[in-house]
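Chemist: Attaching a single structure in structure tokens format; questions to follow.
The values are calculated or read from the model by the stated rules, or taken from the named source; none is laboratory data. All of these numbers come straight from a predicted model, not from anything done at the bench. Reconstructed Cβ throughout: ideal geometry from the backbone, glycine too, with neighbour counts over all protein chains shown.
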Amino acid sequence: MPRYGMLIDLDKCMFCQACTMACKSENNIPDGMFWNKVRAVPNGKPYPEYRVTPLPMPCMHCEDAPCVNVCPVSATYHRPDGIVAIDYDKCIGCKYCIAACPYGARTFNKTKAFVEVGGKPAWYNANVPIRPQGVVEKCTFCSHRIDAGQTVTACVQACPSGARIFGDLDESNSPVAKLAAARKAQPLRPELGAKPKVSYAPMMKPEGGK
Amino acid sequence: MTQKTTRMTPWLFVVGILAVAGFAAHLAVLINGQKLFGSNDGVPWNILVAAYGFLASAAAGLSFFASLGDIAGIPALRRVAGPATLAALATLVPALVAIGSDLGRPLAAVGFLISPNFSSPMWWMAITYGAVLVLRAIKVWGMAAGKSQSMKWLSWPGLLLALAAPAVLGMLFSTLVARPMWFGTTTSLFVVVLALTLGAAATLATAVVAGARESFGFLSKCVAGLVVALAVVTFLKTSGSDPAYTALYLKGQYAPLFWGAQVALGMILPVAILLLPMGSTANGALLGAGSALVGGFGAWLVQVLAGQGLAVMPELAYKAYRVTSIEMTMVVGVFALVAVLYTLATRLVTAQNR
């Protein structure tokens, strides 16, 4: 069984948000919600030295996921391939998982699904289920694609600079495993103990971004 | 109709109207969803969760003092055990209304029974508070049926559950590494001491309402002592936290709530009033208990809202939470429901025993 993970090369990220938009259209995400966020991290210096560095933050699909541990009704669970998934029929919308996630990966669906309010848009993806109002949602590593035999997520496919690499972390010859080793990739805040499966190749240059 | 019952009718009318307004707001949220709430992904838990924490911890505290009277044989507590039991039930039911209306899909809550997660503090909280609710309901039934004496054996499990429930409620916060202001055992201790303080203050308030004057002195000392203990735990909690996080409520956005409500109203004023001679009068006792209760709600607002204010990762931009009019109406309705239920339960038990 593979163990899926992602590597994000911070040197290559251009802050174009193509991943964010691809994720939204791929996963039928309502207005005002994002599963894939690219945060702007400021360097704290005043103008003209002020810079922001892009920090793409999908769900980290942690091995010891706080969201899985705290969900009172077992709606959030680990699939056999390590992907952290949500059973929307079980989710009660208590938002405990949002409070527990150190990476801010989760988002609460306040809105009625667009199929209920104005019909399906042109970009509607029939392969991804529409979530009911009042549940918590997040990145699935495009598990519907994996289930259909593909091994590329929408954000990886859309990234024009190839900043994201997805694959099996346990396969030593996979591009994600090889590059993670070569670039000494690290997850965010490993000391929190959640064992995230998204890691970041550090920037070669001291300061990037816009 | 007695004179007392006649006097209570306008009161019941006023709190009834407020409870109905709250119910209408609950209905609006059920129909339109939580877009009517001010909470967001940065601050997912809103004022309803703070109201739940306040009412649930007060209910546990009331259960503690109602049970302690029977176990320790303290006359001042035994006299108010009945009203305190009624108040515990009348407080816990609206607490569940408050937390239920914060759920995105309340009907799916059946999952607590059919799909439990034993590693979740929230699941354990639901179980312990469910047990507190059942026990208080049995006690109230016993009071109405005139079987209070034969149900005294329930006092021990009542006392233990009254301590376990706020401890588990505290665990719900203290186990979250993502929220540094909550993380750590001091938060559980804080919630337990806060629950006992609120329970003592609410028991004193019920003693005033029930006219149990001889209980004022003992309960006033209990409230004052527990407020001092709460101040010590609050100091430990504050001094043990990262300055970046404590600054949010010591000097930042939540400073007025912390210093004004939690410290001034919840600690300084009750101790000052209840230790003075006026603390043994009905008006003084009610003022002191009321002040401790208002301050306790302030403490819960700080705990819930400021606790979410800063995440463990500074990269996660903090989004300000502003309470909406719908949320406020729901909270007022929930508090009014406490008054309605307590008034009706008192009438019912009095009528049954007549």
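Chemist: On the given criteria, is A:F15 surrounded by fewer than 23 Cβ atoms within 10 Å (Cβ to Cβ), in contact with a Gly (Cβ under 7 Å, 6 or more places away or on another chain) and either part of a strand (DSSP E or B) or not polar (S, T, N, Q) (or both)?
Modeler: Numbers: surrounded by fewer than 23 Cβ atoms within 10 Å (Cβ to Cβ): yes; in contact with a Gly (Cβ under 7 Å, 6 or more places away or on another chain): yes; either part of a strand (DSSP E or B) or not polar (S, T, N, Q) (or both): yes.
It is true that A:F15 is surrounded by fewer than 23 Cβ atoms within 10 Å (Cβ to Cβ), in contact with a Gly (Cβ under 7 Å, 6 or more places away or on another chain) and either part of a strand (DSSP E or B) or not polar (S, T, N, Q) (or both).
Chemist: Step by step: first the residues of segment A:163-175, then only those that are over 13 Å from A:D81 (Cβ atoms) and modelled with pLDDT under 95, then the one that is surrounded by the most Cβ atoms within 10 Å (Cβ to Cβ). Which residue is that?
Modeler: A:S174
Chemist: Give segment B:78-116 a look and list any residue that's facing chain A (nearest Cβ under 8 Å), out of contact with any Gly (no Cβ under 9 Å at 6 or more places or on another chain) and either crowded, with 20+ Cβ neighbours inside 10 Å or among the aliphatic types (A, V, I, L, M) (or both), or say none. Steps first, please.
Modeler: Applying the first criterion (facing chain A (nearest Cβ under 8 Å)) to segment B:78-116 yields B:102-106, B:108-109, B:111-112, B:115-116.
From what is left, the residues that are out of contact with any Gly (no Cβ under 9 Å at 6 or more places or on another chain) are B:111, B:115-116.
Answer for segment B:78-116, where residues must be facing chain A (nearest Cβ under 8 Å), out of contact with any Gly (no Cβ under 9 Å at 6 or more places or on another chain) and either crowded, with 20+ Cβ neighbours inside 10 Å or among the aliphatic types (A, V, I, L, M) (or both): just B:G111.
Chemist: Could you tell me whether any residue of segment A:52-67 is of a type in the set (G, A, S), out of contact with any strand residue (DSSP E or B) (no Cβ under 6 Å at 6 or more places or on another chain) and either at positive phi or within 14 Å of chain B (Cβ to nearest Cβ) (or both)? Walk me through it before giving the result.
Modeler: Keep residues of segment A:52-67 that are of a type in the set (G, A, S), which gives A:65.
Still in the list and also out of contact with any strand residue (DSSP E or B) (no Cβ under 6 Å at 6 or more places or on another chain): none.
No, segment A:52-67 contains no residue that is of a type in the set (G, A, S), out of contact with any strand residue (DSSP E or B) (no Cβ under 6 Å at 6 or more places or on another chain) and either at positive phi or within 14 Å of chain B (Cβ to nearest Cβ) (or both).
Chemist: Quick check on B:A285: is it in contact with a helix residue (DSSP H, G or I) (Cβ under 6 Å, 6 or more places away or on another chain) and surrounded by fewer than 19 Cβ atoms within 10 Å (Cβ to Cβ)?
Modeler: Numbers: in contact with a helix residue (DSSP H, G or I) (Cβ under 6 Å, 6 or more places away or on another chain): yes; surrounded by fewer than 19 Cβ atoms within 10 Å (Cβ to Cβ): no.
No, not satisfied.
Chemist: Still on this structure, I have one more. Pick from B:L27, B:L68: which is surrounded by fewer than 24 Cβ atoms within 10 Å (Cβ to Cβ) and over 30 Å from B:L196 (Cβ atoms)?
Modeler: On the way: B:L68 fails: over 30 Å from B:L196 (Cβ atoms).
None of the other options fit; the residue is B:L27.
Chemist: Another question, if that's okay. Wholly within segment B:73-135, which helices (runs of 4 or more DSSP H) include no fewer than the required count, namely at least 2 residues that are within 27 Å of B:I31 (Cα to Cα), touching a Leu at 6+ places or on another chain (Cβ under 9 Å) and polar (S, T, N, Q)? I'd like the intermediate steps shown before the answer.
Modeler: Numbers: elements: B:75-78, B:81-101, B:111-114.
Of the helices (runs of 4 or more DSSP H) lying wholly inside segment B:73-135, those with at least 2 residues that are within 27 Å of B:I31 (Cα to Cα), touching a Leu at 6+ places or on another chain (Cβ under 9 Å) and polar (S, T, N, Q) span B:81-101.
Residues are listed down the side, and each one gets a yes or a no for (1) modelled with pLDDT under 95; (2) surrounded by fewer than 20 Cβ atoms within 10 Å (Cβ to Cβ); (3) within 14 Å of another protein chain (Cβ to nearest Cβ):
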{"residue": "B:P277", "(1), (2), (3)": "yes, yes, no"}
{"residue": "B:A289", "(1), (2), (3)": "no, no, no"}
{"residue": "B:G296", "(1), (2), (3)": "no, no, no"}
{"residue": "B:P314", "(1), (2), (3)": "yes, yes, yes"}
{"residue": "B:Y318", "(1), (2), (3)": "yes, yes, yes"}
{"residue": "B:V334", "(1), (2), (3)": "no, no, no"}
{"residue": "B:L341", "(1), (2), (3)": "no, no, no"}
{"residue": "B:L344", "(1), (2), (3)": "yes, yes, no"}
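Chemist: Do the conditions hold for B:S119, that is, is it closer than 22 Å to B:A167 by Cβ, out of contact with any Gly (no Cβ under 6 Å at 6 or more places or on another chain) and facing chain A (nearest Cβ under 8 Å)? Full working, then the answer.
Modeler: Numbers: closer than 22 Å to B:A167 by Cβ: yes; out of contact with any Gly (no Cβ under 6 Å at 6 or more places or on another chain): yes; facing chain A (nearest Cβ under 8 Å): yes.
Judged against the criteria, B:S119 is a match.
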